[in-house]
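Working notes, beginning with the structure itself.
The values are calculated or read from the model by the stated rules, or taken from the named source; none is laboratory data. No experiment lies behind these values; they were computed from the predicted model shown. Every residue, glycine among them, receives a Cβ derived from its backbone with ideal geometry; neighbour counts consider all protein chains shown. SASA here: full protein model, heavy atoms, side chains in, ligands and nucleic acids out. Shrake-Rupley method; radii C 1.70, N 1.55, O 1.52, S 1.80 Å.
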Amino acid sequence: MNDEIQTLWQRQPVTPTPIDLEKLRRRSTRLSSCVQSRNVRETVAGLLGIALLAWTTIGDHDPLRVTSSLLLMAGMAFVLFHMWRHGRASALPADLGALDAVSFHRQELVRQRDLLRGVFWWYLSPFLPGLALTAVLGMRRSWIVPAALAAFVIVAFWFVLRMNRRAVQRLNRELAELAKEG
Amino acid sequence: LAGQVGNLPTLRKKIPLGVTISNVNSTQDDRYRTAAGEYGAALERLARAYEADADRRRDLLQEIHLALWRSFAGWSAACSMRTWVYRVAHNAAASHVIRERRTRSRELVSVEELETARDPIQAEAAAGEREALDRLFALVQQLKPLDRQVILSYLEGLDAAAISEITGISAGNVAVKIHRIKHVLAKQFHEGAKHE
């Protein structure tokens, strides 16, 4: 029975798609520039955010307000740097054949898990000093705005952390399953 | 944030001293032509098993061929060409499955889960080869990437040692998985035959 299934599988009608080497070369170049421009777009968007914040700060003579803006800008810059360093999009590695499936899969899962696991430290906490100072500054006028801001930040942080914890748990389960295979 | 984690570390290509870029290119092209000629049909079958949608399948196949061509620039002959080709193809396809999982939430199962399931897929009567193949594809496409690699390699006629080399799964585990796969296949197709 199983030999028949193997034969059935191998005998299935296949019309091999002709692959043109020149097309492959062009696609390879296009892919590299596409990945590169996506990374550039993301960096530019982040830098624009920083520039916008800097622009709103120019001319402000209140040292505390300037400090809170600078802290927020530093937080944004840190997140951008971290994303650029660890989370940039890239094409598949050139020596994909040097890795067996288990190693390739493990490497990919570990990288994703580590990036998600540290999300509080690299994605959320850099904004905390700036946000805290902004809230304190707001209290000089009324407590409602800072309280609303604090509530919003807490809910947003909780939501991001919860989503990431779930993703990390799923990735850990997959890694544990993978460890049994090797 | 999910989009940010889709990258892979780029590994350096090693080009031996004294080898010119044009030599590398021609060797790379020649190796690719040989591999594509020898394993072209197997790669088509593999792409079909990983992607049911025709348009996405065409993209996946192109992606596999591109990964294969790029990989031959750094091929060190540390393993056979067959192992290399299947590793590249399966890794590229698994990467495709992981990517697609973010947009299409579909639960994948293991061979073990399939074996214990009462009726994993509808056992309709297989009136001919086409229906039997459709059922086989339906079965393969619901498997997790690693199990899918084992069953596809088995269907391609590779032995346990070769499958172990491609997947990195220990030979003992591969043997157990093949045993289970045979059981699942026999059950599926026997039930189909009973309905005929």
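In the range B:74-91, the residue that is nearest to the other protein chains (Cβ to nearest Cβ) out of those that are at pLDDT below 90 and crowded, with 19+ Cβ neighbours inside 10 Å is B:Gly74.
If you go through the range A:128-164 and keep only what is of a type in the set (S, T, N, Q) and either in contact with a helix residue (DSSP H, G or I) (Cβ under 8 Å, 6 or more places away or on another chain) or in a helix (DSSP H, G or I) (or both), you end up with A:Thr134, A:Asn164.
Can you find a residue in the range A:45-59 that is free of Cβ contacts under 8 Å to residues at least 40 places away in the same chain, at positive phi, more than 8 Å from chain B (Cβ to nearest Cβ) and more than 27 Å from the chain's Cα centre (by Cα)? Before the answer, list the steps.
Keep residues of the range A:45-59 that are free of Cβ contacts under 8 Å to residues at least 40 places away in the same chain, which gives A:45-59.
Of the ones still in play, those that are also at positive phi are A:59.
Imposing the further condition that a residue be more than 8 Å from chain B (Cβ to nearest Cβ) reduces the set to A:59.
With more than 27 Å from the chain's Cα centre (by Cα) added as a condition, the list becomes A:59.
Yes, the conditions are met somewhere in the range A:45-59.
Among the residues making up the range B:39-62, those that are over 23 Å from B:Gly157 (Cβ atoms) and facing chain A (nearest Cβ under 8 Å) are B:Arg58, B:Gln62. If we scan the range A:39-55, do we find a residue that is of a type outside the set (Asp, Glu), open to solvent by less than 80 Å² (accessible area, probe 1.4 Å) and at pLDDT below 75? Looking for residues that are of a type outside the set (Asp, Glu), open to solvent by less than 80 Å² (accessible area, probe 1.4 Å) and at pLDDT below 75, one finds at least one in the range A:39-55, hence yes. Only one of the numbered conditions (1) over 15 Å from the mean Cα position of the chain (by Cα); (2) over 30 Å from B:Phe72 (Cβ atoms) is not met by A:Gly118, and that is (1).
Quick check: is even one residue across the range A:114-125 among the hydroxyl-bearing types (Ser, Thr, Tyr), under 30 Å from B:Ala77 (Cα atoms) and facing chain B (nearest Cβ under 8 Å)? Checking the range A:114-125: not a single residue is among the hydroxyl-bearing types (Ser, Thr, Tyr), under 30 Å from B:Ala77 (Cα atoms) and facing chain B (nearest Cβ under 8 Å). Given the criteria under 24 Å from the mean Cα position of the chain (by Cα) and crowded, with 19+ Cβ neighbours inside 10 Å, does A:Pro93 qualify? Against the criterion (under 24 Å from the mean Cα position of the chain (by Cα) and crowded, with 19+ Cβ neighbours inside 10 Å), A:Pro93 qualifies. Within the range B:159-186, track down each residue that is in contact (Cβ under 8 Å) with a residue 24 or more places away in the chain and more than 10 Å from chain A (Cβ to nearest Cβ). Listed by number, the residues that qualify are B:Ala162, B:Arg180, B:Val184. Within the range A:131-169, restricting attention to residues that are under 30 Å from B:Asp147 (Cβ atoms) and open to solvent by 90 Å² or more (accessible area, probe 1.4 Å), the residue that is farthest from the chain's Cα centre (by Cα) is A:Gln169.
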